[in-house]
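The structure under discussion appears below in the form of C-alpha cells.
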Amino acid sequence: MNAFIYGVFLQWKLDIRDKGIILTYYVVPLVFFGFMGGIFTSIDSDAKLSLIQSMTVFGVTMGAFLGSPTPLVELYRSEIKKAYKVGGIPLGIAVVNNLISGFIHLFMMSLAIFFIAPLAFDASIPDNLTLYFLVLAIFIVICLLIGTVLGLYVKDTNRLTMISQFLFLPSIMLSGIMFPSSMLPKVFGYISKIFPATWGYINMRKDNFSELNMIPLALIMIGALVVIVLKIRDLEGD
C-alpha cells in the first residue's frame, strides 16, 4: 500500500513539473474561464445560473482529453515499460496512478472555478452541493477513462494531439455549454449524445437525484473500462 501511495504521489509530482500538462490541467481552463465568464455573463445574465457547470465541463474535458493521455504515451512507448516488467510491476499500475493524479488535478481546478465564479461573476452556486460534487467526481473519472484509452492506443504524441483535439472540440461545441443545444440542427443534437461532456453538463445542473440521467455516462464508463482492460492485457503479453 505504501508503494502504491508513493507511486501516485510521484506521478502527481511529475505532472506538476510537466509544463504541457499544467497548461491543459490549469492554465488554459482557468484563463478561458476568466475571459469567457466575463463575456457570457455580460451578454446574457442568465449565464450566471450555469457558469460554474459550463466552465467546469470545459476544464475537465480539456484536461482529461488533452493532458492525461500524454504520460501514458510517453511511458508505454519508452524503456520505462521494460523497467516495469523487469521489476514485476503490473503495467496497469501506471494507468491507475495516472488516473488518480489526473483526478486530483482536475478536481482542484474545478474547485478553483467553484470558488472564484461567484466572487468574480456573481455566478449561482448549485443548490444541491452533494449532488453537484458527486456528479462532478463521476464526470471527471469518465473523462479520464477516455483519456486513458487515448494514451494506451495512440502511439506517438503528435498523433495524440490530433486525435484528442478531434474529440475535444465537438465535445465542447455540441455539449450546450457554449450555446443552447436546442439551437443545434437535429443531427448534431443526436451526435452530441455520444460525448460525456453533454451528459456531464446536463446532470451537473440538476438539483435532485431523481432527475439524474446517468445511464449514458455509465455506458461510456463501462465501455472505456473494457477497452482499457483488454489493452493492458495485450501490453502485459508483449
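The values are calculated or read from the model by the stated rules, or taken from the named source; none is laboratory data. From a predicted model like this one, the values you see are computed outputs, not experimental measurements. As a convention, Cβ positions derive from the backbone with ideal geometry for all residues, glycine included, and neighbour counts pool all protein chains shown.
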How many residues are within 18 Å of residue 92 (Cβ to Cβ) and not in a helix (DSSP H, G or I) if we restrict to segment 199-236?
0
Mind counting the residues in segment 81-115 that are among the hydroxyl-bearing types (Ser, Thr, Tyr) and either at pLDDT below 85 or surrounded by fewer than 13 Cβ atoms within 10 Å (Cβ to Cβ) (or both)?
1
Filter pass, residue 208 being surrounded by 13 or more Cβ atoms within 10 Å (Cβ to Cβ) and in contact with a Leu (Cβ under 8 Å, 6 or more places away or on another chain):
no
Taking into account only those residues within segment 52-80 that are surrounded by fewer than 22 Cβ atoms within 10 Å (Cβ to Cβ) and either at pLDDT 95 or above or aliphatic (A, V, I, L, M) (or both), which is farthest from residue 98 (Cα to Cα)?
80
Among all residue pairs at least 6 apart or on different chains, which show Cβ distances below 6 Å where the first residue, located in segment 111-122, is closer than 13 Å to residue 48 by Cβ and the second is of a type in the set (D, E, K, R)?
122/48
Only residues that are farther than 26 Å from residue 43 by Cα, in contact with a helix residue (DSSP H, G or I) (Cβ under 7 Å, 6 or more places away or on another chain) and of a type in the set (A, V, I, L, M): list them for segment 93-136, please.
93, 94, 95, 99, 100, 104, 106, 131, 135, 136
Within segment 40-52, work out how many residues are of a type in the set (D, E, K, R) and in contact (Cβ under 8 Å) with a residue 12 or more places away in the chain.
1
Condition met for residue 176 (at pLDDT below 95, under 19 Å from residue 35 (Cα atoms), in contact with a Phe, Trp or Tyr (Cβ under 8 Å, 6 or more places away or on another chain) and small (Gly, Ala, Ser)):
yes
I'm trying to understand the selection: among the residues of segment 24-39, which are in contact (Cβ under 8 Å) with a residue 24 or more places away in the chain and more than 13 Å from the chain's Cα centre (by Cα)?
28, 30, 32, 33, 34, 37, 38
